[in-house]
1. Out of all the residues in the range 557-603, which are under 30 Å from ASP432 (Cβ atoms) and of a type in the set (Asp, Glu)?
2. Could you run through the range 623-641 and say how many residues are outside any helix (DSSP H, G or I) and in contact (Cβ under 8 Å) with a residue 60 or more places away in the chain?
3. Residues to consider are THR439, THR420; find the one that is assigned by the TED database to the domain that holds LYS397, hydroxyl-bearing (Ser, Thr, Tyr), under 30 Å from ARG623 (Cα atoms) and crowded, with 23+ Cβ neighbours inside 10 Å.
4. Which residues, taken from the range 402-445, are among the basic types (Lys, Arg) and assigned to a helix (DSSP H, G or I)?
5. Any residue at all in the range 308-322 that's of a type in the set (D, E, K, R), assigned by the TED database to the domain that holds GLN270 and under 25 Å from SER487 (Cβ atoms)?
6. When you look at GLN628, is it of a type outside the set (Val, Ile, Thr) and surrounded by 15 or more Cβ atoms within 10 Å (Cβ to Cβ), yes or no?
7. Being in contact with a helix residue (DSSP H, G or I) (Cβ under 9 Å, 6 or more places away or on another chain) and either in a loop (DSSP other than H, G, I, E, B) or closer than 20 Å to SER393 by Cβ (or both) narrows it down to one residue among SER477, SER463, SER448; which is it?
8. Collect the residues in the range 361-397 that are aliphatic (A, V, I, L, M) and closer than 15 Å to LEU478 by Cα, keeping them in residue-number order.
Amino acid sequence: MSYYFVQNLYGDWLELQALIQQKGPLILNGNSLNIPSVVAVAHHHSLPTVSKDVILSKAVDDSVRLVESHLNSGQTVYGVNTGFGASADTRTKSLHLLQKSLLQHQSAGILTARDLGETGTSIGSSISGNVETLAMPADWVRAMMLIRCNSLLRGHSGVRLSVIESIASLIAYDLTPILPLRGSISASGDLMPLSYLAGLLEGNTDIRVRTSKADARSQSPKSFMRADEALELAQLKPLSLGPKEGLGLMNGTAASCAAASITIHQVQHQALLVQIMTAMASEALLASKHNHDPFIANVRPHPGQIESAAVIFNCLRDSRLIADKESGYIGLFQDRYPLRTASQWIGPQLEDLLLASRQVQVELNSTTDNPLVDVQNGLIHHGGNFQAASLTSAMSKVLNALQMLGRLIHAQSSELLNCTINRGLPPNLCFDDPSRSSTLKGVDVSMSAYMSELAYIAHPVSSYVQSAEMHNQAVNSLALLAARHSSEASNVLNLMSANYLYSLCQALDLRCLHIEFVGAAEAKISALLHRSFKSLSHLENFDLERLHAEMWAVAIKRWLECSSFDLDARASATADTVLGALLNQIRQHPALSTAHKSEAYAAVQDYALEFASTLVTVYETRRTAFAQQPTTPAYLGRASRAMYHFVRQVLGVPLHQGLIEHPTVDGSPLGDAPREKVTIGTQISKIYEALRSGAIHQVGMEIISELRLAKQGDDESRSSDNVDGVR
């Protein structure tokens with residue numbers, strides 16, 4: 001089968017790695033820009049350069065000449081010799097001043113002294129409050145500059161090649177204008193943000209520029225400078241904008257497209273991670289792998305569902321924790337919806353993200369100006385390609401996908417942390433006694449806080465369009481707002497994913513500790529039974545092996561039911577239940593005479609006395625050994641093993657051992673080497689930072705690299721190698 005979403009994601013990732021590693025520049029030609037290229041420039045400072053293709057440069061030059069020709073022949077060209085927007089009923093012959101007028105009225109964004117690198121100079125600098133920066137992130141600005149370059153190179157804008165090359169040079173010098181995050185309605189393009197780029201090119205001394213490059217003449221590098229200083233650093237002269245160049249620079253969707261490109265790149269990786277985490281949850285909760293059997297998806301052949309089911313199914317390969325629920329299975333026969341219907345839930349989101357990615361991809365290589373210069377036919381068209389509704393549509397899909405993915409992992413997390421439904425895991429996934437430690441209770445609460453915020457953010461912005469600019473822009477796309485909200489929602493999902501990954505690794509450890517305990521305890525309890533009833537072992541039909549199997553099943557069932565008890569109480573409650581069941585067995589056993597029953601009752605007393613203490617001793621021994629050397633990887637499927645290794649070994653986030661981990665509690669956690677005691681939040685923050693930086697995506701791609709080669713439908717992929725006694 002074809003993994004459409006995964007192959008698209010993996011292909012983009014491979015291309016991004018190649019761009020990061022290549023020594024040569026990224027060539028812009030107006031037609032081949034893609035999302036990996038945008039991310040490479042925005043996040044990894046890849047260097048773009050304008051193609052030297054003669055045909056391309058001629059098309060750009062011809063568009064400039066056609067504008068001049070129309071003006072020389074006395075024709076009216078919007079925004080060149082008319083006013084702007086609803087003021088287009090005015091006419092002027094001061095063409096160059098008109099372009100400056102455009103920059104002036106659009107350079108109206110609000111930026112604080114702190115945004116401009118002038119800390120301590122603001123009147124309100126001492127006022128406290130949670131006011132985030134009002135400036136657009138530098139990586140978005142780099143992407144915006146790149147996209148605007150690419151669009152202008154298409155030769156439909158009447159902007160000189162030297163102007164376009166100047167923008168590319170500014171990117172190469174890492175000189176990005178500090179421009180407002182808010183203020184664009186993305187109708188006549190993103191006028192306000194792009195006006196600051198135009199202001200930088202003309203050397204506006206009130207436009208501030210951010211850089212990481214040092215001025216060779218200065219003893220110390222300047223992070224912030226004026227636009228004229230930035231131009232000098234880049235060895236550029238201030239530009240006198242041509243008749244259509246102010247409008248050509250500003251009248252486009254580059255800011256919205258930049259934010260959308262960077263956001264969707266992140267969200268596609270998040271969608272893959274949710275599938276991997278679903279596989280991890282399936283193992284931690286002993287779910288059935290066959291929830292995602294290919295047959296189920298094939299008879300309802302939505303491509304997203306088919307792919308998601310296949311990915312989760314293959315992520316579980318080699319797992320020793322997944323369950324086979326045969327007809328004789330005792331307990332909840334079907335898994336709950338968050339696991340059983342995960343592929344049906346995730347699948348539509350993959351389809352939406354693929355479509356959103358295609359919409360953004362088209363926008364990257366589009367001309368989004370007005371008016372448009374049609375060199376071939378000698379015409380100038382007045383239209384509305386700046387209306388960025390396609391990007392709004394893409395980001396609406398992204399927003400919905402984010403809240404759907406968040407809702408799924410929130411539901412899975414709630415099940416994982418609830419000891420009444422998580423198949424015997426301790427409450428709050430505590431490693432020590434539940435009365436001492438409520439380990440992940442705070443995580444449980446914060447997951448709900450994050451989910452509530454995510455749901456609030458995820459409303460589509462198109463419902464909130466307001467008429468603007470003297471009712472000329474009565475409909476406007478709000479694409480930049482949609483992209484901003486999508487980015488914010490993506491970050492909240494990262495918070496949730498960090499929480500959830502931490503919980504999953506803890507749950508997998510506890511599940512595997514239980515398996516280790518069951519294996520060791522059963523052998524001890526079997527020996528105890530045989531020792532206690534040795535004098536009756538000769539009796540016909542008094543099968544000690546069968547009796548042990550029956551009693552052990554009773555013991556494990558009760559042990560799992562008492563997961564919220566402290567160890568001593570849990571062992572005692574289990575022993576009491578087994579004692580009652582054993583007495584009933586002896587009382588009703590047809591092979592035992594009255595004398596033998598009396599002898600058996602005496603044996604029961606010996607058995608009962610040691611039963612609880614044996615459980616306690618074995619559990620404490622196994623828990624200590626497990627804390628020092630967890631055996632979890634040996635039980636995990638391919639995907640879970642890779643992600644678990646990343647969290648535990650690469651990030652250094654250990655198994656949480658309970659109250660002993662708290663920095664102000666005396667004592668040290670068990671382990672091979674001493675480690676600093678930190679809060680739970682500090683450990684989760686390590687995972688969050690790996691999500692934000694993209695480091696964790698490397699793991700996802702390594703998993704997918706293997707899964708793309710997996711054969712579907714073979715015996716190995718359908719096998720379920722389970723461990724006895726864990727359910």
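1. Scanning the range 557-603 gives GLU561, ASP566, ASP568, ASP576.
2. Adding up the residues that qualify gives 4.
3. THR439
4. Residues satisfying the conditions are ARG407, LYS441.
5. Taking every residue of the range 308-322 in turn, none turns out to be of a type in the set (D, E, K, R), assigned by the TED database to the domain that holds GLN270 and under 25 Å from SER487 (Cβ atoms).
6. No; evaluated as a whole, the condition is false for this residue.
7. SER477
8. ALA388, ALA389, LEU391, ALA394, MET395
The values are calculated or read from the model by the stated rules, or taken from the named source; none is laboratory data. Since we're looking at a predicted model, the values are computed, not measured. We place every Cβ from the backbone using ideal geometry, glycine too, and count neighbours over all the protein chains shown.
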